[in-house]
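Chemist: Right, I'll just put the structure down here and ask away after.
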Amino acid sequence: MRTMRIAVAGATGVVGRHVVAVAGERGHEVVPLARSVGVDLTTGAGLEQRLAGVDAVVDVTSVRTQDRAGSEAFFGGVTRSLVAAEQAAGVGHHVVLSIVGIDDVPGGYYAGKVLQERLLAEGDQPWSVLRATQFHEFAEQVLHFVRLGPVSVVPRMTSQPVAAREVAEALVDLVEAGPSGRVPDLAGPEVLPMHRLARRVSKARGLGRRVVVVPVPGKAGRGMRDGSLTPGDAGARGRTTFDEWLGA
Ligand SMILES: NC(=O)c1ccc[n+]([C@@H]2O[C@H](COP(=O)([O-])OP(=O)(O)OC[C@H]3O[C@@H](n4cnc5c(N)ncnc54)[C@H](OP(=O)(O)O)[C@@H]3O)[C@@H](O)[C@H]2O)c1
């Protein structure tokens, strides 16, 4: 396998850190992109120079919003900035991490992910998209979304969580494989309710959060509850269970 130069957009995030680690372990050179390392991808300033000599960009950026307009502005803006700079710098592959079931669950955040995928499908930059389910790590992220004193309000949600490390391995596999379009979804080994995972992570880490579970109203909430965010029988499966991850 030839070693590559890989830019990781969102290199400091939950899955981005694993992408950086996995790529490094396989001998690839990593160019990190995030505001904390001086690159704001919503403006794209200085991006083209950072992409000099890069073979592929992995986009694992995110924004904390449930607002449709905000999510579309972020994922649309980041995708347009990255693709324009990739084409100017001669980068031949754009890899995106997306989410299982986003067409069936009309949540505000998911609308931005749908736009991100559509911009690639309709554009002419060679691309790959992997959809994954929520990470095991999401059970802790979700504790911070809506906090009222010691209470964390968690949506009622059926999930099939997967270890972020295994998602990162699949993303680096995709970089190495070259532009592949949309590939089979990746999920974890078990279907589990998110609020129970949130309670378990709070207890195991001594976070002291009181988890209150609420059903999100409307079609998006129904989709979150009815398993639309899980892949059914199709696609690939991670091996690490939630308990193994929590105990590690
Ligand atoms: N979390 C999950 O369970 C899950 C499951 C499936 C798919 N996904 C997808 O995976 C991706 C990553 O999710 P995550 O949970 O790992 O995200 P995260 O932990 O919230 O990390 C987000 C990353 O994006 C960077 N970022 C944010 N705004 C930026 C900007 N304007 N310019 C440059 N960098 C920016 C952040 O760094 P700075 O703050 O330093 O800029 C950080 O490195 C998302 O697209 C998400 O939809 C997530």
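The values are calculated or read from the model by the stated rules, or taken from the named source; none is laboratory data. The structure displayed is predicted, hence computed values, not measured ones. All Cβ positions, even for glycine, are placed from backbone atoms using ideal geometry, and neighbour counts span all protein chains on display. Remember, those area values only see protein heavy atoms, side chains included, never the ligands or the DNA or RNA. Shrake-Rupley method; radii C 1.70, N 1.55, O 1.52, S 1.80 Å.
Chemist: Amide H neighbours of residue 56 under 5 Å, at least 5 residues apart or on other chains, H built in the peptide plane: list them.
Modeler: 5, 7
Chemist: Taking only protein heavy atoms and a 1.4 Å probe, what accessible area per residue, in Å², does region 5-247 have with all protein chains in place?
Modeler: Values: 10420 Å² over 243 residues.
Each residue of region 5-247 exposes 43 Å² on average to a 1.4 Å probe.
Chemist: So, one more: Give the carbon-plus-sulfur fraction of the accessible surface of region 113-234 in %, rounded to a whole number; probe 1.4 Å, heavy atoms of protein chains only. Mind dumping the intermediate values first?
Modeler: Values: 2910 of 5340 Å².
The C+S portion of the solvent-accessible surface of region 113-234 is 54 percent.
Chemist: May I have the extent of the alpha carbons of region 5-247 along their three principal axes, as whole Å values ordered from largest to smallest?
Modeler: On the principal axes, region 5-247 reaches 49, 37, 37 Å in Cα extent.
Chemist: What is the packing order of peptides 84-97, 119-132, taking the mean over residues of other C-beta atoms within 10 Å and listing the highest first?
Modeler: Working: 84-97: 20.0, 119-132: 18.1.
Order by mean packing, descending: 84-97, 119-132.
Chemist: Taking every DSSP beta bridge with both residues inside the chain, roughly what % is antiparallel (nearest 5)? Provide the component values of the computation, followed by the final result.
Modeler: Details: 4 of 33 bridges.
Antiparallel bridges make up about 10 percent of those DSSP assigns within the chain.
Chemist: Also, quick follow-up: Using amide H atoms built in the peptide plane, which far-off residues or other-chain residues are under 5 Å from residue 127 H to H?
Modeler: HN-HN under 5 Å from residue 127: 94, 180, 181.
Chemist: Where does the charge balance sit around residue 116 when Lys and Arg score +1, Asp and Glu -1, over other residues with C-beta under 12 Å from its C-beta? Mind dumping the intermediate values first?
Modeler: On the way: positive: 80, 113, 118, 131; negative: 59, 72, 117, 122.
Charge balance in the 12 Å sphere: 0.
Chemist: What are the ³J(HN,Hα) values, in whole Hz, obtained from phi via the Karplus relation 6.51 cos²θ - 1.76 cosθ + 1.60 with θ = phi - 60°, for each residue of region 184-193 in sequence order, with x given for Gly and Pro?
Modeler: Each residue of region 184-193 in turn: x, 4, 10, 9, x, x, 9, 8, 9, x Hz.
Chemist: Let me ask something else. Which parts of region 133-163 would a label at residue 121 reach, counting a residue when its backbone N lies under 18 Å from a point 7 Å out along Cα-to-Cβ?
Modeler: 133
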